[in-house]
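Working notes, structure below.
Only the coordinates and a few stated rules stand behind these numbers; no lab work does. Everything quoted here is computed from the prediction, not taken from an experiment. Neighbour counts are summed over all protein chains in view; Cβ atoms, including those assigned to glycine, are modelled from backbone coordinates with ideal geometry.
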């Protein structure tokens with residue numbers, strides 16, 4: 001797919017901006033805190049319905065304003081698609097797809113698709129399981145809206161169950177009331193685990209090939225899905241496994257005041273030459289793994305949808321050594337890419353199609369790359 005235009009109004013530090021990227025590599029260059037990342041955040045918002053930087057939507061409203069507005073227009077094989085996203089200080093969201101307001105945020109998914117690679121993603125391997133689950137969840141949500149809805153159902157049920165666990169502990173209320181939420185968690189959780197298992201299987205194959213290329217054939221990468229509760233042969237068996245786990249852990253859950261088993265505790269195993277990279281990988285190995293996983297996202301989305309997503313590189317070049325920069329740049333061919341940077345020298349060797357300077361939330365006239 002190709003993004004044709006990005007329109008921002010009262011978004012972060014932008015009063016208003018209209019950006020027309022090229023089909024290849026568009027560079028947003030400038031000093032820190034000028035607004036480069038805000039452009040990528042707006043695009044990512046229209047891809048996934050959420051920011052990659054904050055869980056508090058109102059933080060994206062320009063200071064002193066009552067609302068923000070973002071619109072991203074792109075072209076896919078089946079024609080033009082646009083996503084509009086507006087938010088008020090009161091917390092009211094309004095999302096439109098191709099000019100029509102949608103009732104559920106999941107309806108916006110799949111129209112503008114993108115992969116974001118930011119410096120924090122380089123910590124994905126070493127950080128806790130939550131970062132790796134998020135990596136899986138954001139990819140699957142763009143590819144499968146039904147996964148997104150199951151994730152919403154699961155998280156709502158998990159919140160309700162944890163509230164009841166605290167009530168049981170505090171007031172001695174009957175734990176039988178947990179049965180309803182156990183069933184809800186098992187149904188949505190089984191759908192989540194089934195999707196994750198299939199996704200990671202495809203990811204493992206792609207990432208292994210990408211990593212071999214990125215590492216120059218020096219290392220072998222193995223990626224495995226590590227469910228907290230074992231997956232069954234089918235979704236029904238997985239659902240039974242979850243119900244059994246919730247039942248067996250109920251007493252411990254009441255004692256700890258939280259649900260101690262389920263898909264919210266899943267992890268992604270990452271191994272280099274048989275060694276657990278999460279615990280023992282060097283900084284260079286960890287960064288190569290993260291890079292391989294992100295590049296694999298692009299290939300998987302292209303296989304699934306028939307066209308490559310947009311790639312957003314948020315100041316990540318400065319975090320990579322020259323060799324990894326070269327390898328990343330070599331894989332940008334045929335993918336519309338947005339790159340933010342403070343130093344264009346970090347992009348040596350890249351075919352830059354458009355260079356835009358960003359200063360105080362103003363997009364300055366295009367320069368010859």
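Descriptive notes on the structure:
- C-alpha center-to-center spacing [region 125-149, region 48-87] in angstrom: 20
- Here the extension length gained between residue 303 and residue 31 equals 94.2 nm, from 0.36 nm per residue of separation less the Cα-Cα distance.
- Approximating the spin labels as points 7 Å out from Cα along Cα→Cβ, the residue 163-to-residue 197 distance works out to 3.2 nm.
- Footprinting exposure proxy for 141, 213 (fewest neighbouring C-beta atoms within 10 Å first): 213, 141
- Rounded to 5, the percent of DSSP beta bridges in the chain classed as antiparallel: 70
- Sorted by Cβ neighbour density within 10 Å, fewest at the top, the residues 169, 100: 100, 169
- Note on residue 364 and residue 342: the model spin-label points, each 7 Å out from Cα along the C-beta direction, lie 1.7 nm apart.
- Least to most buried among 46, 231 (fewest other Cβ within 10 Å first): 231, 46
- Residue list for region 184-227, given a label point 7 angstrom along the Cα-to-Cβ vector of residue 102 and an amide N cut-off under 20 Å: 192
- Between the beta carbons of residue 205 and residue 66, assuming R0 = 56 Å, the FRET efficiency works out to 0.70 to the nearest 0.05.
- For region 29-156, the square roots a ≥ b ≥ c of the C-alpha gyration tensor eigenvalues yield an a/c under 1.5, which makes the shape rounded.
- Summarising the label geometry, the points placed 7 Å from Cα in the beta-carbon direction at residue 156 and residue 177 lie 1.9 nm from one another.
- On full extension, the segment bounded by residue 59 and residue 5 gains 17.1 nm, given 0.36 nm per residue less the C-alpha separation.
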